[in-house]
Amino acid sequence: MKERYDPHEIEEKWQRKWAEAKIYESDPDQDNEKKFFITIPYPYLNGNLHAGHTRTFTIGDVIARYKRMLGYNVLFPMGFHATGTPIVGLAEQIQKKDPETIRVYNKLHEIPLDVLDTIQTPEQIVEYFSREAEAAMKSIGFSIDWRRKFTTTDPHYQKFITWQFNLLHSKNKVVKGAHPVRWCPNDENPVEDHDILRGEDATIIDYTLIKFKLDNDILPCATLRPETVFGVTNLWVNPENHHVRIKVNDETWIVSKEAYLKLKFTDKNVELEGDVSAEELIGKKVKNPVTASYVLILPASFVSPGNGSGIVMSVPAHAPYDYLALRDLKGKELAKYGITEDVSSIPLISLIKVPEYGKYPAVDAVNELKVKDQNDPKAEEATKFVYRREFHGGVLTETTGKYAGMAVSKIKDVLTHDLISLGIADVFYEFSEQPVICRCGATCVIKMVKDQWFLNYSEPSWKEQVYKCLAGMQIIPPELRVDFENKVDWLKDKACARRKGLGTRLPWDKEWMIESLGDSTIYMSYYIIAKYLDKFKPEQLKDEFFNYCLLGEGTPENAAAKTGIDIGVLKGIRNDFMYWYPVDLRTSGKDLIPNHLLFFLFHHVAIFPDTLWPRAIAINGFVSLEGEKMSKSKGPLLTLKSAVKEFGADITRLYILSTAEHVQDADWRAADVESTRKQIERFYKTAFDIIHDKNNVEEAGELKFIDKWMLSKLQYRIQETTDALNKMQTRRAVQNAFYLLMNDMKWYERRGGSAARKKVLGTWIRLMAPFTPHICDEIEEELGGKFISLANYPEADPSLIDKGAELAEEITGNTLRDIEEIIRLIKIKPKRIVLYTAASWKKTVLKKAILMKKENALDMKNLMNALMSDPTIRAYAKEIPKFAQKVITDIQGMDAELMSSLIDVDFDEISALNEAREFLGRAVECPIEISSADAPGYDPQGKSRQANPMRPAIYIE
RNA sequence: GCGGGGGUAACCAAGCGGCCAAAGGUGCAGGACUUAAGAUCCUGUUGCGCAGGCAUUCGUGGGUUCAAAUCCCAUCCCCCGCACCA
């Protein structure tokens, strides 16, 4: 141990020693059933590891180290993710020498230009970044078992994925289906988020299309509120719009031209037959397929051809636009459409009852907002009000027949489903915002992708299993459990095959590549196999291999025969698997909750028995840089490598852990890291001084109050740290194990304590070892130990908790503060200070009062009675009532622990103050005298009578 | 729209019914040390106060309670996710 702290020298030294001693390489230990299998999502290899990874991985490493020190056999492996499209895309950009890509990878990812020239293919990219990632993780001291690393593009891994999908396929978890996607008609490709120029917030909304009949034609009306079909009084057609007649499958529909163009991309067969003029429609009567009543088609200007089918069903009781349009027709000449009746007298049909409005909410809303007509912007506002209130508080009335009494918020799916099965409705997809423009400039549409492979996550029985799994799991922090449950509920079928990118092909349909989130769900089990990869060729990893090793199906003999793998090896792998599985903890950034972590659960429950389902998930937030969001592709970006290079591993670790808790985002600020560096340096220096201070070698002798106080404090710090780590509150853990303990030590040294320093140091480095392993090992070595990672984590020793010492120190601290405050206020240089401890009768009063409080019997009357019956106290009858009143008030706001201390602990304030006398005198630069109010001695102002228990009176002159 | 998370002193951030004028850190101010700077340590950092005190504060407005930053109701504002993309 050198006098000057050199993080890089120390860190390289210990990383080398750890690797040489292989202390993080874990294998099943038959003598230790306490195993702990912790995993972290493997990083995606399209860039260098950054501060976000650093946070998630460091949290995992801390837990791994902590568990190891608690005596668990810990397995902490790591792999790399490379499947999918981004790496292929990156290779193309690099080959093209795209200036932006070159800049980003040179400047942000810190890859020298000459090196960038050598990583042109996806394979080279994967090779390069996996090497860099491993080096970076080693440089920060993660306690990973590197024998188990792999990359998802490895041929062996592809066999694993093949097996898995065959299995899911056979269990009917992978099915064929169709799904709407954002589609660029120009590129003829689905459009991803980052390919969108405009309208990136647009989501796909499914409208219900209700088929009104006009002779042999169908007029479909798109609606988000299919229940309102019961209140339709007419249809709306805009005479300005262009309408067409089209053949849809075996039906004939009339829609706007725009709707026709959209329908062409659905999974329906659509053929254009010809134009239809609005005049052909308006004035005709159509049949409502649900109520079988006939309603008129009327003209309205608000109907937009680009929205829905371009034909709108009118529900004036509940839709302000419909009501307004109907009202606008009053007195208009409609004879040219052959309409002779007075349409404004068409009766409204109410079907939703809502507390805020009367029978016709649309009418109330229009009147309330004084909307003029259908072109008034306020119509939009009125619509919002009505829709929101009806959705949240509305209930269907008798008008809706068998649906009466249902909540509006629940009806949509049920009714749509019913109507579709009757053949009188369909689904129509539409963007929530328009237009949506692709990067190429084309307007995007919604396309039904047909014959797509799906993981049918929406299957209720599968979800049931996941709920069951979740119920048995620990979610950290616990508040997120409800989030997980909601997301399981929300998850729909997921397309799991793609045409492009790296990956494994679908074994039964080789045109398709397995999508890259689908191949990352149960790979934790692969870490167990990965250790043995040099023992077999990819071709040997037939399904029988995995069936036996991971599922225990079939016999080892059969598996050996099929694969040509040694039967002993197979049995060994099976044993390893059963030892390590299930995953005890998976820690991850919060971005993976709605995708990867969900799939992780779904696939585990689908493939493994419940005894092997994951035990816990822990979530953490992101990392920003100086308040700015980090971005891999735009910057700013801080790589793990450069952070360690600049600050060293321990400082980086400690800082990133201490700056935020759990799901909160952490903000990396250079100024704060700098201060962490100073703290660590102080820690190092303190340790160095303690070890090399010759005067302290002999530490025997009577422990003073202050020594007992220090040891007592240490126990609390241990308790808090342990408790925090058990809840994975790394920030709180660091706070206690480092910063607060550091402050305790400062105070201890300032108070002249020394006898307990070495003892504290020995515990302290163990407490800190999971966070800053290198520096702790360096100090441990100097203390004569070896590999602190393998030492035991400190346990609080209740016998060292000393309430008396703590009270003594509290009195000392408070008294010092009081003296200083008085000096500051009266602005004199004190020449003489006298402290008076409280009269003993006051202590008796306080104790009696606390005892009464504990029995809930504390009031003035009871207390006075008790006091007056005590002859030793009655002597002070004159002073008692006032003091008793004060005591009662004080106790009201006192916490239980302090109360207990005050009655249980018997210690002498005088001796406590006497021990601190010299210190206090030095601190205020004035000699201090101490006496008791029982015999005050020198007391010119009678201050001693003000002395209270725990609060000595102070006289200054 | 749906779902989740937040609003605490100059800033970051703990606390989530009473030792709370509110941990810890940063910044700022003063002091000690030093030839000086830096580092380190101490003190202060809502207002008032020449004796350890008082008053007012935890987005805003109500309420419950002996007691509220903490519980309830209402309200305003901010952030994140909503999919075929890792």
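The values are calculated or read from the model by the stated rules, or taken from the named source; none is laboratory data. Computed from a predicted model, the values in this text were never measured in an experiment. As a convention, Cβ positions derive from the backbone with ideal geometry for all residues, glycine included, and neighbour counts pool all protein chains shown. The accessibility values were calculated without ligands, DNA or RNA, using every heavy atom of the protein model including side chains. Shrake-Rupley method; radii C 1.70, N 1.55, O 1.52, S 1.80 Å.
Which one is farthest from A:I63 (Cα to Cα) among residues in the range A:570-590 that are among the aromatic types (F, W, Y) and touching a strand residue (DSSP E or B) at 6+ places or on another chain (Cβ under 8 Å)?
A:Y579
Open to solvent by less than 60 Å² (accessible area, probe 1.4 Å), more than 30 Å from A:S432 (Cβ to Cβ) and of a type outside the set (G, A, S): which single residue out of A:K173, A:K149 fits that description?
None of the others qualify; the one that does is A:K173.
So, in the range A:849-889, exactly how many residues are open to solvent by 60 Å² or more (accessible area, probe 1.4 Å) and under 50 Å from the mean Cα position of the chain (by Cα)?
Count: 7.
Please work out which residue is nearest to A:V191 (Cα to Cα), limiting yourself to the range A:404-436 and to residues that are surrounded by fewer than 20 Cβ atoms within 10 Å (Cβ to Cβ) and in contact with a helix residue (DSSP H, G or I) (Cβ under 6 Å, 6 or more places away or on another chain).
A:S409
Would you be able to say whether some residue in the range A:267-285 is in contact with a Ser or Thr (Cβ under 9 Å, 6 or more places away or on another chain), among the basic types (K, R) and more than 26 Å from A:I346 (Cα to Cα)?
No: zero hits.
Give me a count of the residues in the range A:74-103 that are more than 19 Å from A:S516 (Cα to Cα) and either small (G, A, S) or more than 16 Å from RNA strand B (Cβ to nearest atom) (or both).
Count: 14.
Can you name every residue in the range A:818-847 that is in contact (Cβ under 8 Å) with a residue 12 or more places away in the chain, over 25 Å from A:K886 (Cβ atoms) and not in a loop (DSSP other than H, G, I, E, B)?
A:I823, the sole residue that qualifies.
Please determine, by comparing only the residues of the range A:574-595 that are touching a residue at least 40 places away in the same chain (Cβ under 8 Å), within 16 Å of RNA strand B (Cβ to nearest atom) and not in a strand (DSSP E or B), which one is surrounded by the fewest Cβ atoms within 10 Å (Cβ to Cβ).
Looking at residues that are touching a residue at least 40 places away in the same chain (Cβ under 8 Å), within 16 Å of RNA strand B (Cβ to nearest atom) and not in a strand (DSSP E or B), I get A:N595.
Filter the range A:440-479 down to residues that are surrounded by fewer than 18 Cβ atoms within 10 Å (Cβ to Cβ) and near RNA strand B (Cβ under 9 Å from one of its atoms), then give me how many there are.
4
Between A:R917, A:R922, which is within 27 Å of A:I828 (Cα to Cα) and free of Cβ contacts under 8 Å to residues at least 12 places away in the same chain?
Sole residue among the options that is within 27 Å of A:I828 (Cα to Cα) and free of Cβ contacts under 8 Å to residues at least 12 places away in the same chain: A:R922.
Yes/no per residue for (1) closer than 17 Å to A:E430 by Cβ; (2) free of Cβ contacts under 8 Å to residues at least 12 places away in the same chain; (3) open to solvent by less than 60 Å² (accessible area, probe 1.4 Å); (4) within 16 Å of RNA strand B (Cβ to nearest atom):
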residue	(1), (2), (3), (4)
A:V181	yes, no, yes, yes
A:E188	no, yes, no, yes
A:G199	yes, no, yes, yes
A:Y207	yes, no, yes, yes
A:N249	no, no, no, no
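What helices (runs of 4 or more DSSP H) lie completely within the range A:699-777 and have 3 or more residues being among the basic types (K, R) and out of contact with any Gly (no Cβ under 8 Å at 6 or more places or on another chain)?
Result: A:757-768.
Pick out, from the range A:619-697, the helices (runs of 4 or more DSSP H) lying fully within it that include 1 or more residues that are open to solvent by 30 Å² or more (accessible area, probe 1.4 Å) and away from RNA strand B (no atom under 11 Å from the Cβ).
A:640-647, A:670-692
Quick one: is A:S525 at negative phi, among the hydroxyl-bearing types (S, T, Y) and open to solvent by 10 Å² or more (accessible area, probe 1.4 Å)?
It is false that A:S525 is at negative phi, among the hydroxyl-bearing types (S, T, Y) and open to solvent by 10 Å² or more (accessible area, probe 1.4 Å).
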